[in-house]
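The block underneath contains the structure these notes are about, expressed in structure tokens.
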Amino acid sequence: MRIKRSMILFGAAFAVFFGSLTTAGPLFAATTGKVLHSFSNSSTDGISPNGGLIIDMAGNLYGTTYEGGDHDYGTVFQLTPGANGTWTEAILYSFNYDGSDGFYPATSLTMDATGNLYGTTWAGGAYSTSSTGYGTVFELSPGINGTWTESVLYSFNNNGTDGNGPLASLILDKARNLYGTTYQGGAYNYGTVFKLSPGTNGTWTETVLYSFNSSGTDGAYPRASLIFDASGDLHGTTNGGGAYAWGTVYQLTPGTSGTWTEKVLYSFNGTNGGSPFGSLISDATGNLYGTTYQGGADRTCSGSSGCGTVFKLTRSKGTWTEKVLHSFNNNGSDGFNPYANLIFDKAGNLYGTTYQGGAYATCSGTYGCGTVFVLIKGLKGTWMEKVLHSFNDNGKDGFNPDYAGLIFDKAGKLYGMTFCGVNAHGTDCSESCGTVFQLTR
């Protein structure tokens, strides 16, 4: 059965490798947008990129597309910079529908020190008792002459304990263990946090670290990837659950004998934000930052659910306090409804994208084409937002950047992806192809 995008909401992507680090200077002077690649509705190219990009030391970009490729079940691609600002795309792998391969990759990739790529697919895998399967964790290993080999490291199983439907990218620890989340499954079918440990002969063992439940205070439906803190605790967000059913920020702390203890650090209530999709980031002192898709001061977006926020969580004596740094506004110039995570520059300013809003309110009905924004850090805890780019459905620009966050390169250029644009057959994202874009000063 073909799963259309409208049937699910994908997970946020978390930029990895050095592109997510605070290596770049401020980019809030005049900026110029450029489309580096337009995905085409052909049998060879991918379409509908949903996750974010990663970048290697040579400046090559890597990502996934949710659909397209040889079998129309998604791809892994590479963009290589050339002379005079040109970029060349190569499809590293096309997913297929053979009952064991994963398909519909909806997240960004993770690269290890030797250049292997790791990712998740929302569907497919060995347990295809349903018409789609329950998702996979995969590895792509580089070979000679530009070849890549895919291996399915783990197939999720709808067996009452395992998670299924992973919508988040993975993170690696120093021992090459992989950590991630599944949107569904687990003991209560509200999602899981899992760990994959490498063994001998290429085998991997999965451990479910935590199953979210419907207790009324626990989080539910984690769509975002995880981050480690300096103590080895894991932090993440859930799109639902919590004390007010608007989602949570949670922490998992390792104990003895492989046990982990979950604690809800904060429950959103709508006024202070709600429905976080994106991953968290942390500053040098351990404060957490993120976005919420809904909630905030302006409740005119998404029906009456709100236009979304950027938030900060600060810890003091074991408790966490939230501060809304910006509430997005449906005023015709600001963006709204941010799905993706934030990134820092070296000055501590925050950059992100919004799915809707901006100067061109012609996409998705009249809701706007989306934006790239920066929050500029001021004195005494103040923050000022500036829209760096408003996307436009003019046949030249991408639009609706969706769950894909931003990354910096070493020169301070910003890169991201839009779900729609350029080769689309109209302003409806269900018929779009998408783009990879660059923003420069």
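The values are calculated or read from the model by the stated rules, or taken from the named source; none is laboratory data. The model shown is predicted, which means the values in this text are computed figures rather than measured ones. Please note: Cβ atoms are built from the backbone with ideal geometry, for glycine as well, and neighbour counts cover all protein chains shown.
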Evaluate the stretch 274-281: report whether one residue or more is aliphatic (A, V, I, L, M), part of a strand (DSSP E or B) and in contact (Cβ under 8 Å) with a residue 24 or more places away in the chain. yes
Test: Ser169 is modelled with pLDDT of 95 or more and part of a loop (DSSP other than H, G, I, E, B): yes
Looking at Thr291 and the list (1) among the polar types (S, T, N, Q); (2) crowded, with 24+ Cβ neighbours inside 10 Å; (3) not in a strand (DSSP E or B), which single condition is not satisfied? (3)
Out of the residues in the stretch 421-441 that are closer than 18 Å to Lys34 by Cβ and not in a loop (DSSP other than H, G, I, E, B), which is modelled with the lowest pLDDT? Gly421
Given the conditions (1) surrounded by fewer than 17 Cβ atoms within 10 Å (Cβ to Cβ); (2) at pLDDT 95 or above; (3) over 16 Å from Pro142 (Cα atoms), every one holds for Thr80 apart from (3)
Among the residues of the stretch 332-348 satisfying the criterion of being at pLDDT 95 or above and of a type in the set (S, T, N, Q), which is nearest to Leu167 (Cα to Cα)? Asn341
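Only one of these is over 18 Å from Ser279 (Cβ atoms), surrounded by 24 or more Cβ atoms within 10 Å (Cβ to Cβ) and of a type in the set (Phe, Trp, Tyr): Phe328, Phe311. Name it. It would help to see each step written out before you state the result.
Values: Phe311 fails: over 18 Å from Ser279 (Cβ atoms).
Of Phe328, Phe311, the one residue that is over 18 Å from Ser279 (Cβ atoms), surrounded by 24 or more Cβ atoms within 10 Å (Cβ to Cβ) and of a type in the set (Phe, Trp, Tyr) is Phe328.
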Return the only residue of Ala126, Ala106 being touching a Ser or Thr at 6+ places or on another chain (Cβ under 7 Å), of a type in the set (A, V, I, L, M, F, W, C) and in contact (Cβ under 8 Å) with a residue 12 or more places away in the chain. Ala126
Quick one: which residue in Asn158, Asn177 is over 19 Å from the mean Cα position of the chain (by Cα) and modelled with pLDDT under 95? Asn158
Cβ contacts < 6 Å: first residue at pLDDT 90 or above and in a strand (DSSP E or B), restricted to the stretch 84-103; second residue surrounded by 12 or more Cβ atoms within 10 Å (Cβ to Cβ) and of a type in the set (Gly, Ala, Ser), any location; separation 6+ or different chain. Result? Ser94/Gly69; Gly102/Gly124; Gly102/Gly125; Phe103/Gly74; Phe103/Ala123; Phe103/Gly124
The stretch 241-263 residues that are under 18 Å from Tyr221 (Cα atoms), paired with ones that are among the basic types (Lys, Arg) and outside any loop (DSSP other than H, G, I, E, B) (beta carbon under 7 Å, 6 or more apart): Tyr250/Lys263; Gln251/Lys263
Within the stretch 259-278, is even one residue of a type outside the set (Gly, Ala, Ser) and within 23 Å of Asn50 (Cα to Cα)? yes
